[in-house]
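Take a look at the structure below.
Bear in mind these aren't lab numbers, they're just calculated from the coordinates by the rules spelled out. Computed from a prediction, not measured in an experiment: that's the story for all the values here. Here the Cβ positions follow ideal geometry from the backbone for every residue, glycine too, while neighbour counts run over all protein chains shown.
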Amino acid sequence: MPELHPTAQRVKELLHTMGFEIKVLEFHQGTKTSQDAAFCVGCSIAQIAKSIVFRGKTSGGCVIVVCSGEHRVDERKVEKLVGEKMSKGDADFVREKTGYVIGGVAPVGHATVCRTFIDESLLAYELIYGAAGTPNAVFGMTPDDLVRMTGGQVADVKEERAVR
């Protein structure tokens, strides 16, 4: 079996240390978008748990929203939860705060402390898939596992209309 990318291996080891026996899957064609990941894994786009990184406009703090691949994040809902105006993090901010590149942000193992919210729509699925630290790697988990591994707050943070 080929070796995992070092970042994906680090995510796998972290999850193991946290008590999660999770298999990391790598794909040559990439899993950078929710659609790509769903195609590679063979699941619905709704089962992709994408991690979107936001920056507090006043504090500069990091907020991560894990949302279903079939939805967009409603920034206004996140702002109400956080109590601060937010903007999407640019590539440099994402890498600095999480240690990952856009398209590969794992829900765990961030370089700094980031407040995490998990959209409640993900709780409807038995199995979901999140990025494993690179735009080519994912891992499967239950929604309960996601909540436990991130310590994230479950909330309604999606836009009302689904992405199609």
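Structure values in brief
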quantity: Filtered residues of region 4-23 (kept if more than 26 Å from Asp92 (Cα to Cα) and either surrounded by 18 or more Cβ atoms within 10 Å (Cβ to Cβ) or in contact with a helix residue (DSSP H, G or I) (Cβ under 7 Å, 6 or more places away or on another chain) (or both)); calculated: Met18, Phe20, Ile22
quantity: Odd one out for Ser44 among (1) within 19 Å of Tyr125 (Cα to Cα); (2) surrounded by 15 or more Cβ atoms within 10 Å (Cβ to Cβ); calculated: (2)
quantity: Hits in region 42-54 - residues which are of a type outside the set (Gly, Ala, Ser) and under 16 Å from Asp145 (Cβ atoms); calculated: Cys43, Gln47, Ile48
quantity: Counted residues, region 24-60 - those being β-branched (Val, Ile, Thr) and in a loop (DSSP other than H, G, I, E, B); calculated: 3
quantity: Subset of region 110-164 (residues that are in a strand (DSSP E or B), of a type in the set (A, V, I, L, M) and surrounded by 15 or more Cβ atoms within 10 Å (Cβ to Cβ)); calculated: Ile118, Ile128, Ala131, Ala137, Val138, Met141, Val154, Ala155
quantity: Residues that are hydroxyl-bearing (Ser, Thr, Tyr) and closer than 21 Å to Met149 by Cα, drawn from region 2-33; calculated: Thr7, Thr17
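Yes/no per residue for (1) at negative phi; (2) touching a Leu at 6+ places or on another chain (Cβ under 6 Å); (3) crowded, with 16+ Cβ neighbours inside 10 Å; (4) not aliphatic (A, V, I, L, M):
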residue	(1), (2), (3), (4)
Leu25	yes, no, yes, no
Ala49	yes, yes, yes, no
Phe54	yes, no, yes, yes
Val63	yes, no, yes, no
